[in-house]
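Down below is the structure, laid out as structure tokens.
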Amino acid sequence: MSSEIKIGTHDGCFHCDEALACFMLKQLPRYKNATIVRSRDQAILDTCDIVVDVGGVYDHSKHRYDHHMRDFKESVSTVINKPGYNWTIKLSSAGLVYCHFGFEIIKELIPEVNDETDISNIFKKVYDTLIKEIDAIDNGIPMFDGEPKYCIVTNLSARVSRLNPNWNSKDLNVDEQFYKAMALAGEEFLEFVNYTARVWWPARAIVRETVMKRFDVDPTGEILELTQRVPRKDHLFELEEELGLGPLIKYVIFKDKFYRVQAVPVCEGSFITRLFLPNA
């Protein structure tokens, strides 16, 4: 009897979700040396230890993670089902694997982070900034209602799609292209996890300390002074809500070679600020 571990997924045209799902699984020691089996033959898939994006079954106890069934409606909110995990975007195979194995994968990739709260926040940020996009695109969920003024064709899902053989390609090995897709999606995933865990999340403590000292800067409590430039906007919005701050922060002073002043936007991503800087 063979002891070879096998990860099953479908053959033919591939997408970002199963490429990333396979890559994420191979970050775990038990799947690190697993063979990728690409097939739609159920008899072959039945020999696999874990199957993603094919097979018509979602059952964590059996390690089957397809999302193409007509009655499939799972999201982060239903799979994890805990306060703070409120995303309702329908999951792709990438989202399913991330929900069930993401915490373990993060611990494997970022071994210096041991605190469960830290790991939870890293998990949430990576889902919100990367995995959610892949889930939505794979399930055909638009970013917004209405006709877009332009299309984004450089996202990760689009780049993976372009690795599929073209109609006029000759002698191109589809499996080899799938491995390239795994590597491409995987590199992006590793970058997001590394940035989130080692850059973005450590900045939270710096922003929190600055918030707690805001009245030392100005008696209104509406101005922050950072001694260094760090990722801060989403931390600030979350801390304001978490701490029940009032009045809200209007300006941030930070040092970037020279001291700079930046008005705080009304929400993340907005160009409208809470209070414009006065004219000089």
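Details
- For the chain, the relative contact order works out to 14 percent when only alpha carbon pairs closer than 8 Å and six or more residues apart are counted.
- C-alpha long axis of helix 233-243 to longest principal axis of the chain, angle in °: 70 degrees
- A straight line joining the Cα centroids of the stretch 65-124 and the stretch 203-230 runs 32 Å.
- Rounded D (µm²/s) - the chain, Kirkwood Rh over Cα pairs, Stokes-Einstein at 25 °C, 0.890 mPa s: 116 µm²/s
- Segment Leu109-Asp46, extension gain: residue separation times 0.36 nm, minus the distance between their alpha carbons: 19.7 nm
- Taking the DSSP bridge list for the chain and keeping only pairs wholly inside it, about 45 percent are antiparallel.
- Likely footprinting exposure, Asp49, Asp145, Asp256, Asp66, fewest C-beta neighbours within 10 Å first: Asp145, Asp256, Asp49, Asp66
- Across the cross-link table entries Lys62/Lys124; Lys62/Lys132; Lys26/Lys82; Lys82/Lys180; Lys149/Lys257, which are compared at the Cα atoms, the separations over 29 Å belong to Lys82/Lys180; Lys149/Lys257.
- If the segment from Val57 to Glu176 were pulled out straight at 0.36 nm per residue, it would be longer than the present Cα-Cα gap by 40.2 nm.
- Here the sum of -39500 (n - 2.57) over DSSP H runs of 4 or more residues, divided by the residues of the chain, equals -11000 deg cm²/dmol at 222 nm, to the nearest 500.
- On Cα atoms only, tilt of 93-109 relative to the major axis of the chain in degrees: 70 degrees
Since every read-out is calculated from the coordinates, none of them should be taken as a lab result. Since the structure is predicted, the reported quantities are computational estimates derived from the model, not experimental observations. No Cβ is skipped: glycine too gets one built from the backbone with ideal geometry, and neighbour counts run over all protein chains shown.
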